[in-house]
Structures are given as structure tokens and as C-alpha cells.
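Taking it in order: structure first as C-alpha cells, then the write-up.
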Amino acid sequence: MREIVMDTETTGLDPETGDRIVEIGAVELLNHLPTGRVLQLYINPERDMPIEAERVHGLSAAFLRDKPKFAEVAQEFIDFIEGATLVIHNAAFDIGFLNAEFARIGAPAITMDRVVDTLQMARRRFPGSPASLDALCKRLGVDNSAREKHGALLDSEILAEVYLELMGGRQPDLVLAPSGSEAGSGAAGGHAGAPRPAARPFRPRITEAEAEAHAAFVAELGPDSVWARLTQG
């Protein structure tokens with residue numbers, strides 16, 4: 001199963017009033033494992049950048065001025081997500097913006113039947129609790145310390161970890177490696193059909209100091225403790 005965990009950054013909240021996408025970030029999962037393939041696109045919105053939006057994601061009009069327009073990167077994005085389920089937090093927002101951009105260039109819209117909304121997943125699993133990405137990171141133990149500002153690729157990488165935890169763990173169906181027959185098309189910064197990297201786990205969340213403290217604790221338990229026997233085995 002091929003999934004694309006993705007996020008967008010925009011100039012505002014409503015594509016119907018002229019707000020545009022300025023960044024797309026996407027992370028590929030195969031059988032619930034990250035493959036190492038990612039996509040990050042900065043996009044010239046062809047309009048000004050409201051200061052309120054810039055405070056959220058840090059992308060200025062000056063930075064985006066020489067970036068490609070959506071029409072120039074649309075095919076690269078379409079190729080990357082082809083055949084995959086899209087995993088998005090608050091999917092209606094991102095899909096609304098994407099479909100508004102697709103309408104401008106005459107491309108087919110993305111239908112919601114190929115989308116998994118992690119916001120809805122979180123609300124079902126934790127009814128009545130905060131379900132923002134930051135709140136879920138805190139609840140599920142996902143490190144989001146690098147998230148000083150919103151960024152589409154960084155948020156996609158964090159969301160991928162949150163999604164797998166919402167699924168019940170990082171390997172919910174115990175598939176340890178992707179099958180070559182399930183390789184999708186599209187490439188990050190490359191071409192369709194490029195060799196796919198081996199599945200790569202997310203970075204460990206335990207620090208070196210925490211590992212040392214745990215080792216000291218196990219040593220205090222003595223050689224006959226369960227932890228000691230597991231460590232030796």
C-alpha cells in the first residue's frame with residue numbers, strides 16, 4: 001500500500017477569496033514505512049503575502065518571487081501522488097486549496113475518497129480532546145521540537161509519525177519491508193521510475209542521555225532481572 005502524507009502552506013485561509021498555495025510538502029510511505037522519498041515545492045503565489053500568513057510559515061513575498069508558479073510544478077506533484085492514498089491533517093482545507101489550483105489550470109480535482117483525514121482519526125480516537133498537530137505530538141510522544149514555524153515538509157514528516165501512532169504503532173500490519181511490485185510513480189526532485197531507496201525508519205526519539213540513564217537503571221536491577229536478560233539476549 002502506497003500512501004503520501006502531505007501538507008500545504010498558503011497565503012491565507014480561503015481560496016475562494018484569492019488565497020494561494022505557497023508550499024507543498026509530501027512524504028511517501030510504503031506498507032506504513034517511510035521510503036525516504038519526499039517532495040518539497042515552493043510556489044510563487046502571484047500575489048502579495050499577508051503579514052499574518054508570513055508570521056505562521058515564515059515565507060515572504062520576496063523569497064517566493066523567483067519560485068515557479070503552480071502551473072509549472074503541477075505535473076511533478078501529480079506524478080508524485082499518482083495512485084497513492086493521501087494522508088492529510090484537516091484534509092478539507094488542503095484539498096480545497098489544491099482543487100482551486102487545479103481548477104485554474106484545467107486539471108482534474110482530487111476526490112475525497114482517496115484521502116485519509118488524520119484530524120477525523122484523532123477525534124474518533126480521543127473524543128473531546130484537542131486534535132491539533134501539536135496536541136497530538138504531545139499526546140503520542142512525537143518529537144516536534146523543530147517546529148518553530150509551520151512548514152509543509154516538516155509538518156508532513158511529523159504528521160507521518162503521528163499517523164502511524166494513530167494507526168496503533170509504526171508497523172500496524174507487521175509488514176517490515178515494502179514489496180518492489182508496489183512501487184508507485186513520480187519522484188522527489190527526479191523522474192518517474194527512478195530507483196526507490198530502501199524503507200527507512202523514522203529517527204529515534206530517545207536521546208543518548210536517556211539511553212545511558214536506562215542502562216544504569218537496568219544495571220541496578222541485577223543480572224537476574226527481566227530487563228537484564230532481555231538486554232543480554
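Computed over the Cα atoms of region 54-102, the ratio of the radius of gyration to the Kirkwood radius (Rg/Rh) comes to 1.01. A straight chain from R65 to R47 at 0.36 nm per residue would run longer than the Cα-Cα distance by 5.5 nm. When you filter the GluC sites (Glu not before Pro) in region 1-65 for DSSP loop state and at most 16 other Cβ atoms inside 10 Å of their Cβ, you are left with E46. Spin-label pair R55-Q40: with each label point 7 Å from Cα along the Cα-Cβ axis, the two points sit 2.5 nm from one another. Note on T111 and T85: the extension gain reaches 8.3 nm, defined as 0.36 nm multiplied by sequence separation minus the Cα-Cα distance. Peptides 82-89, 145-152 ranked from most to least packed, by the mean per-residue count of other Cβ atoms within 10 Å: 82-89, 145-152. Taking other residues whose beta carbon is less than 14 angstrom from the beta carbon of A131, and scoring Lys, Arg as +1 and Asp, Glu as -1, yields +2. If Lys and Arg each add +1 and Asp and Glu each add -1, what is the summed charge of the other residues whose beta carbon sits under 13 Å from the beta carbon of R55? Once positives and negatives cancel, what remains is -3. Between D14 and R147, the modelled label-to-label distance comes to 2.7 nm, taking each label 7 Å out from Cα in the direction of the beta carbon.
Of the trypsin sites (Lys or Arg not before Pro) in region 47-83, which ones lie in a loop per DSSP and count no more than 11 other C-beta atoms within 10 Å? The partial results should precede the final answer.
On the way: sites: R47, R55, R65, K69; in loops: R47, R65.
For trypsin sites (Lys or Arg not before Pro) across region 47-83 that sit outside H, G, I, E and B with at most 11 neighbouring Cβ atoms in 10 Å, the list reads R65.
Positive-end ranking of Y42, V56, G25 along the dipole of region 20-109, with charges on Cβ about the Cα centre, is headed by V56.
All of the numbers you see were taken from the coordinates with simple rules; none came from a lab. Remember, it's a predicted structure, so these values are computed and weren't measured experimentally. Glycine also receives a Cβ, built like all others from the backbone with ideal geometry; neighbour counts cover every protein chain displayed.
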